[in-house]
Amino acid sequence: MTKIRATNQETLLSSIIDTGLCTGCGACVALCPYMKTHNAQTVALFKCDREDGRCYRYCPRNETDLEKLQQKLFDASDITEELGALKGLYMTRASDDYIRKKAQHGGTVTALVALALDENLLDACVLADQDAKQLPISFTAKDSTQALKAAGSKFGNSPTVAEFNRVSSKSSQRLGVVATPCQAKALAKMKADPAKEDVGRIDNLKLVIGLFCGWTLDWRKLNRLVREIVGDQEILALDIPPSKHACMEVTTASGITEIGIEKVDECVRECCDYCDDMTAEFADISVGSARSPEGWDVDKGWNQVIVRSEKGLELLNLAREKNILEFKDPPAENLDKLKAVCAGKRKWAQKKLNELMEK
């Protein structure tokens, strides 16, 4: 693979952060003392004069040959144009009722993380979480009990790769990461072409579980919007049903309150317009909410799962063997629908990038 052109912090700031491309993934954070995450935004505290900057090297938004990156990390025979590497498409849900109630949709991600920790396949797993004000944060779970506490969808952008950088730099634990598409791409770039000082710590990355992601929401705008609707009530969960429902569901002790999707759309982060990956193509296994003719009342209890690597397949097979997950056949049309949606997202992202370059 051709080496990724590494430049410096100045280039990161001028071409990524200042242009609105930054996703807040945290890939540039915890590598040096200059880059930090503050209120869900990536900021530079001081100028760095290093010519070869890891901050830019690993950024998922710099120029990247995605085809070569795929070929470096996956079996060539599995790579598809629309979805990246594809060994199989499944529909699953956690067998454990408690996980299904605690987690979002089918609880597949939580069940897989718990399995990997319980079976000693991982020493720890980096997960997204949020504080009482829904501010996105990340932490490292060392057992399945800790992992369960982070169950449920988060609609902000957590600095997950920053947490991986922090933990992997301080220990030799075998780590997993639950990642959005941009975070998974940053981790893939680390694996494919690590800087010399990162080779050892990147070897600690043993599993990436990806999340389907259409966009994330600006934490400040979302928090303001939700508080206008539900006041100071504790928010137990947020969810967005399929587009025909045209709303966000906010669950509190008082029940479910719906917020019109047009208001939610105003909170979508600008950087998401430029994302061309909906299904976390650089993960070992990717998980999203289910879609089927049975409708949302059924689908919200299941997940769609794309297996991409041999590691991902081994984990899914272990979950089947130990009855950690329940399986059912996905509708025959689901694969083509996924491909069409992903192709549409790529086309939209390219259009927005072209418009940005013309400014």
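Tabulated values for the structure
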read-out	value
Added length on full extension, which subtracts the Cα-Cα distance from 0.36 nm per residue, Glu333 to Thr257	24.1 nm
Prolate/oblate/rounded label for the chain (Cα gyration tensor, a/c 1.5)	rounded
Residue among Leu217, Ala195, Gln173 farthest towards the positive dipole end of the chain, charges placed on Cβ	Ala195
Antiparallel %, DSSP beta bridges [both residues in the chain], to 5	75
Efficiency of FRET from Cβ geometry, Glu81 and Glu321, R₀ 41 Å, rounded to 0.05	0.80
Nonlocal amide H pairs with Ser289, under 5 Å, H built at 1.01 Å	Gln304
Considering only segment 169-283, percent of DSSP beta bridges that pair antiparallel, nearest 5	65
Highest to lowest packing among 105-111, 333-339, scored as the average C-beta count within 10 Å	105-111, 333-339
Nonlocal amide H pairs with Asp129, under 5 Å, H built at 1.01 Å	Ile137, Ser138, Phe139
Net charge over other residues, Cβ less than 11 angstrom from the Cβ of Ile17 (K, R count +1; D, E count -1)	-1
Segments 211-220, 301-310, 175-184, 241-250 sorted - mean Cβ within 10 Å per residue, highest first	175-184, 301-310, 211-220, 241-250
Whole-number percent relative contact order across segment 243-359, with pairs defined as alpha carbons under 8 Å at least 6 apart	25
Positive minus negative residues near Ala188 (Lys, Arg vs Asp, Glu; Cβ under 9 Å)	+3
Point-to-point label distance, Asp203-Lys101, nm (Cα→Cβ direction, 7 Å offset)	4.5
Counted charge near Ser171, where neighbours are those whose Cβ lies closer than 15 Å (Asp, Glu -1; Lys, Arg +1)	+2
Dipole moment magnitude, nearest 20 debye, segment 219-265 about Cα centre, only Lys, Arg, Asp, Glu C-beta charged	200
Helical mean residue ellipticity (222 nm; -39500 (n - 2.57) per DSSP H run of 4+; nearest 500) of the chain	-9500 deg cm²/dmol
Given charges at beta-carbon only (K, R positive; D, E negative), |dipole| of the chain in Debye	640
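Coordinate-derived values only; no laboratory data. Computed from a prediction, not measured in an experiment: that's the story for all the values here. Here the Cβ is made from the backbone with ideal geometry for all residues, glycine too, and neighbour counts use every protein chain on show.
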